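Trainee: My questions will all concern the structure given below.
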Amino acid sequence: MTSPSTPSTTPSAAPTGIPADPSTPGLAGPARETVIEQRPARRPRDPFFDNAKFMAIVLVVAGHSIVELRDVRIAHAAYLFVYTFHMPVFIVITGYFSRNFTFSGGKARKLITNLGVPYVVFETAYSTYHWAVGHSKFEISLLDPYYLTWFLMALFLWRLSTPVWQQIRWPVGAAVIISLVAGMTELPGELEMNRTLGLVPFYVLGLMLKPDHFEMLKRPIARVFGAITLFLGFVFVLFVADKRMATSWVYWKTGNSGMHVNNIVGSGMRLGLLFGATVLVIAFLTMVPARQTWFTGLGGATLYAYLLHGFFTKLLDYMGWYDPAFLHTMPGVAVTAVTGALLATFLCTPPVRWLMHWALEPDMSWAFVPLRRPRSV
């Protein structure tokens, strides 16, 4: 998605007395060369993270595509397995690239432009779409995210909290405690507080990671252990969790009382999910290519696929296209999942990005003014 994208590196300020822009009129010869030397080269995007985001969004869309086919056991197990870690992958990467977030003017503007505006646009669009097909009365509530838009709301709140996490002595432990306490509390549905607080440990974990941690995951031996872990994880879900765990646990939408368990059992489930998802996120990342691939360029547009694919998957449900008996077989599930993967790929392509740029990456410079500071008395 757009939010975890590798940010461009801002050149450091030039020394006092030297213009920051080497193209300044009148600057030439040795002085110009000095300025150019003072400005560090722009750090290239790491293809690893774009590859990871693309692979993760394929899982997201494929998972949403088979949601109505979970009467097939393998489909339900695959759905439960993927849902355990697919959003935590995005959240960890997002946290990693939010490490330098501050309340400076530029960062605040980007937060509003890249998250706030798309949230309003797509919350309105999905609510209208749902009403247009006759599934609800016309109602738009910006405080109650609909369907996919919860992630934008949660990410907005997580980003705002970044400076706080950066100053806590044991931030990951504190985030885990908050997640557990959130499950014990009857939280309101507004702002998706259950999801926002329940999944915050993954965001904080991302904030604490360093480049060296990801370099470890790129080693060949790590890929071997990652593949084994993913295989054993799916086997566990297929033969154990699929029969004994309610799917609602991986949505993080409901507290313990809503899941009809006491706080001891609920906290144990949350701890287990946090641990299991973290292990699977690590295993998944070991499978991500570190080199440039054919889909690396698509990884920078995963927010397009995330926010747009819901119109297609919802349409399939509204029109009853999941009714044919063939789809409720293993081959039918496979065909549907592959179709979802192809849809995710298409929605990350440049033509779609060009067409929908106005909604997901709008130019909002007209709406901002220089940062206002209080006058000294």
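Trainee: So in the range 120-139, with the set limited to residues that are modelled with pLDDT under 85 and either in a helix (DSSP H, G or I) or within 27 Å of the chain's Cα centre (by Cα) (or both), which one is farthest from L315 (Cα to Cα)?
Mentor: Step by step, filter the range 120-139, then rank; the result is E139.
Trainee: Of the residues that sit in the range 88-102 and are surrounded by fewer than 24 Cβ atoms within 10 Å (Cβ to Cβ) and not hydroxyl-bearing (S, T, Y), which one is nearest to Y251 (Cα to Cα)?
Mentor: Within the range 88-102, the match that is nearest to Y251 (Cα to Cα) is F97.
Trainee: Given the criteria within 30 Å of M245 (Cα to Cα) and surrounded by fewer than 20 Cβ atoms within 10 Å (Cβ to Cβ), does R169 qualify?
Mentor: For R169, the condition - within 30 Å of M245 (Cα to Cα) and surrounded by fewer than 20 Cβ atoms within 10 Å (Cβ to Cβ) - is not met.
Trainee: Can you say whether V117 is in a helix (DSSP H, G or I) and in contact (Cβ under 8 Å) with a residue 24 or more places away in the chain, as far as the supplied structure shows?
Mentor: yes
Trainee: Is it the case that some residue within the range 22-32 is at pLDDT 90 or above, hydrophobic (A, V, I, L, M, F, W, C) and assigned to a loop (DSSP other than H, G, I, E, B)?
Mentor: no
Trainee: Please specify each residue of the range 233-255 satisfying the condition of being in a helix (DSSP H, G or I), open to solvent by 50 Å² or more (accessible area, probe 1.4 Å) and touching a residue at least 60 places away in the same chain (Cβ under 8 Å).
Mentor: F234, Y251
Trainee: Then there is this: Hey, any hits in the range 276-287 for a residue that's open to solvent by 70 Å² or more (accessible area, probe 1.4 Å) and either out of contact with any Cys (no Cβ under 8 Å at 6 or more places or on another chain) or free of Cβ contacts under 8 Å to residues at least 24 places away in the same chain (or both)?
Mentor: Yes; the residues of the range 276-287 include at least one that is open to solvent by 70 Å² or more (accessible area, probe 1.4 Å) and either out of contact with any Cys (no Cβ under 8 Å at 6 or more places or on another chain) or free of Cβ contacts under 8 Å to residues at least 24 places away in the same chain (or both).
Trainee: Would you confirm whether or not the range 147-165 contains a residue that is outside any helix (DSSP H, G or I) and either open to solvent by 30 Å² or more (accessible area, probe 1.4 Å) or modelled with pLDDT of 95 or more (or both)?
Mentor: No; the residues of the range 147-165 include none that is outside any helix (DSSP H, G or I) and either open to solvent by 30 Å² or more (accessible area, probe 1.4 Å) or modelled with pLDDT of 95 or more (or both).
Trainee: Taking the conditions exactly as written (surrounded by 19 or more Cβ atoms within 10 Å (Cβ to Cβ) and among the small types (G, A, S)), does G258 satisfy them or not?
Mentor: It is false that G258 is surrounded by 19 or more Cβ atoms within 10 Å (Cβ to Cβ) and among the small types (G, A, S).
Trainee: If I filter the range 94-114 down to residues being in contact with a Phe, Trp or Tyr (Cβ under 6 Å, 6 or more places away or on another chain) and in contact (Cβ under 8 Å) with a residue 60 or more places away in the chain, which single residue comes out as farthest from N51 (Cα to Cα)?
Mentor: Out of the qualifying residues, it is R109.
Trainee: Any residue in the range 357-377 that is within 10 Å of T113 (Cα to Cα) and among the hydrophobic types (A, V, I, L, M, F, W, C) sitting within a Cβ distance under 7 Å of a residue that is open to solvent by less than 50 Å² (accessible area, probe 1.4 Å) and at pLDDT below 80? List the pairs, counting only those 6 or more apart or interchain.
Mentor: Every condition considered, the pairs that remain are L360/T2.
Trainee: Take the range 216-227 and flag every residue that is over 24 Å from the mean Cα position of the chain (by Cα) and surrounded by 12 or more Cβ atoms within 10 Å (Cβ to Cβ).
Mentor: R219, F225
Trainee: Which of the residues belonging to the range 126-145 are under 27 Å from F101 (Cβ atoms) and surrounded by fewer than 20 Cβ atoms within 10 Å (Cβ to Cβ)?
Mentor: Across the range 126-145, the qualifying residues are L142, L143, D144.
The values are calculated or read from the model by the stated rules, or taken from the named source; none is laboratory data. Model, not experiment: these values are computed from the prediction. Counting neighbours? That spans all protein chains shown, and the Cβs are built from the backbone with ideal geometry, glycine included. Just the protein is used for accessible areas: all its heavy atoms, side chains included, with ligands, DNA and RNA removed. Shrake-Rupley method; radii C 1.70, N 1.55, O 1.52, S 1.80 Å.
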